[in-house]
């Protein structure tokens, strides 16, 4: 894709002058990139209705570049994100919480892109007190580096600890920022989220004037390579979203790779989902691995990946990646750990190769945005939301309706004890 001719409209220029959060203005004072709060993206999709946009996990530069080009092509609001396992302190990707915004800003300015983009810290996982202490230091540093939206994910903990951790960390998240919360780890068909669990979390947050933009559920999906055909349970998702309607929280759909286009259309049409995460499929496409319509890798008879000719990385680089994985004992689901050691090798390939890696992502995401997610044309709706608010801060969608006296720490513990749920098997379910 060649550098586009500047098409900055009057409305875009106005949104640019007032719609960028203070951390973005400070980092990129002369930028023409409309990097916004996650709230802006959510409102744009709600304004269109029955629509969701991609939250593309930028495991490498090619994914970020292809996703942004696809958003421009579809004139769609978009989210670029990275999860803690991918881009946190112990990450397996070179892209991380602290450099992602700089890559997005640089690409947007290089290509004169005019779509609003949120920079989301996905799955900022909390598994205990030590993580809470670390988060008190890391979360401010992440916003200093350009994050504009965050998912505080304490779903690994029991319900009361999930809520209490979210309450403890909220003061470190700017009020203007997009906020996602989560109930139920992403474990496939095990440990499915329930209405009671979701209501407990959202009601407890509401009582303390915390109004998440999104809630993520375990509604039947898995991270990584999907081995089951079960996928997203649309009915369960709709049931939970219906129960949460008084609290005006949208859905965040995790584990999207591995689900058919028809199932994803149903999620957009029949639930309140506005954010759909895609990670593994995009990584595979940049490498040139064969994927099906679901974005799920197609494996050969030996359980290995099928590398497509004249797509993705050069053949000699792929052979080196496979040999490295074999030497390290990495199975198909662990190939994600190749991102960091091969980052520079991928970037050093010929321009023609790098371009086809980006183009593959662009084409795949454009089809999702325009043909599946119904998010085409949402960029102007995001601009309109900023201009209507006359601010980068769109404020909360909800108001407090719960009594804080009923949601003290002791009462939270008592309420949690009444929840009857199955959390599923223990284990590491991070992406």
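Considering each of 207, 118, 151 in turn, give the residue that is closer than 22 Å to residue 394 by Cα, out of contact with any helix residue (DSSP H, G or I) (no Cβ under 7 Å at 6 or more places or on another chain), touching a residue at least 12 places away in the same chain (Cβ under 8 Å) and crowded, with 20+ Cβ neighbours inside 10 Å.
On the way: 207 fails: out of contact with any helix residue (DSSP H, G or I) (no Cβ under 7 Å at 6 or more places or on another chain); 118 fails: out of contact with any helix residue (DSSP H, G or I) (no Cβ under 7 Å at 6 or more places or on another chain).
Of the residues listed, the single one that is closer than 22 Å to residue 394 by Cα, out of contact with any helix residue (DSSP H, G or I) (no Cβ under 7 Å at 6 or more places or on another chain), touching a residue at least 12 places away in the same chain (Cβ under 8 Å) and crowded, with 20+ Cβ neighbours inside 10 Å is 151.
Taken together, the criteria place residue 194 among residues that are modelled with pLDDT under 95, under 24 Å from residue 397 (Cα atoms) and touching a helix residue (DSSP H, G or I) at 6+ places or on another chain (Cβ under 8 Å). Residues in region 266-278 include at least one that is surrounded by 24 or more Cβ atoms within 10 Å (Cβ to Cβ) and closer than 14 Å to residue 364 by Cβ.
Can you work out which of the residues in region 73-87 that are buried (at least 23 other Cβ atoms within 10 Å of the Cβ) and out of contact with any helix residue (DSSP H, G or I) (no Cβ under 6 Å at 6 or more places or on another chain) is nearest to residue 35 (Cα to Cα)? It would help to see each step written out before you state the result.
In the first step, residues of region 73-87 are kept if they are buried (at least 23 other Cβ atoms within 10 Å of the Cβ); the result is 74, 76-84, 86-87.
Adding the requirement that they be out of contact with any helix residue (DSSP H, G or I) (no Cβ under 6 Å at 6 or more places or on another chain) leaves 81, 83-84, 86-87.
On the way: 81: 13, 83: 19, 84: 21, 86: 21, 87: 19 Å.
By that ranking, first place goes to 81.
For region 303-355, a tally of residues being modelled with pLDDT under 95 and more than 16 Å from residue 289 (Cα to Cα) returns 0.
Suppose the filter is touching a strand residue (DSSP E or B) at 6+ places or on another chain (Cβ under 7 Å) and assigned to a helix (DSSP H, G or I); does residue 323 pass it? Taking the combined requirement at face value, the residue does not satisfy it. The conditions of being over 22 Å from the mean Cα position of the chain (by Cα) and either part of a helix (DSSP H, G or I) or surrounded by fewer than 23 Cβ atoms within 10 Å (Cβ to Cβ) (or both) are not met by residue 380.
Considering region 61-72 alone, what residues qualify as being surrounded by fewer than 24 Cβ atoms within 10 Å (Cβ to Cβ) and farther than 19 Å from residue 371 by Cβ?
Of the residues in region 61-72, the ones surrounded by fewer than 24 Cβ atoms within 10 Å (Cβ to Cβ) are 61, 69, 72.
Selection gives 61 alone.
For the condition closer than 30 Å to residue 181 by Cα, surrounded by fewer than 16 Cβ atoms within 10 Å (Cβ to Cβ), touching a residue at least 24 places away in the same chain (Cβ under 8 Å) and in contact with a helix residue (DSSP H, G or I) (Cβ under 9 Å, 6 or more places away or on another chain), residue 337 qualifies.
For the residues 431, 393, 363, 422, the requirement of being in a loop (DSSP other than H, G, I, E, B), modelled with pLDDT of 95 or more and either in contact with a strand residue (DSSP E or B) (Cβ under 9 Å, 6 or more places away or on another chain) or surrounded by fewer than 20 Cβ atoms within 10 Å (Cβ to Cβ) (or both) singles out 393.
Residues to consider are 14, 39, 32, 48; find the one that is under 18 Å from residue 397 (Cα atoms), at pLDDT 95 or above and surrounded by fewer than 23 Cβ atoms within 10 Å (Cβ to Cβ). Can you show your working first?
On the way: 14 fails: under 18 Å from residue 397 (Cα atoms); 39 fails: surrounded by fewer than 23 Cβ atoms within 10 Å (Cβ to Cβ); 32 fails: under 18 Å from residue 397 (Cα atoms).
After ruling out the rest, the residue left standing is 48.
So which residues in region 246-265 are surrounded by fewer than 24 Cβ atoms within 10 Å (Cβ to Cβ) and in a loop (DSSP other than H, G, I, E, B), if there are any at all? Residues satisfying the conditions are 248, 260.
Could you tell me whether any residue of region 60-73 is in a loop (DSSP other than H, G, I, E, B), in contact (Cβ under 8 Å) with a residue 60 or more places away in the chain and more than 26 Å from residue 262 (Cβ to Cβ)?
As a first pass, look at region 60-73 and keep what is in a loop (DSSP other than H, G, I, E, B): 60.
Then keep just the ones that are in contact (Cβ under 8 Å) with a residue 60 or more places away in the chain; that gives 60.
Pick out the ones that are also more than 26 Å from residue 262 (Cβ to Cβ) and you get 60.
Taking every residue of region 60-73 in turn, at least one turns out to be in a loop (DSSP other than H, G, I, E, B), in contact (Cβ under 8 Å) with a residue 60 or more places away in the chain and more than 26 Å from residue 262 (Cβ to Cβ).
The values are calculated or read from the model by the stated rules, or taken from the named source; none is laboratory data. Predicted model only: the values in this text are computed from it and were never measured. Backbone-built Cβ (ideal geometry, glycine too); neighbour counts: all protein chains shown.
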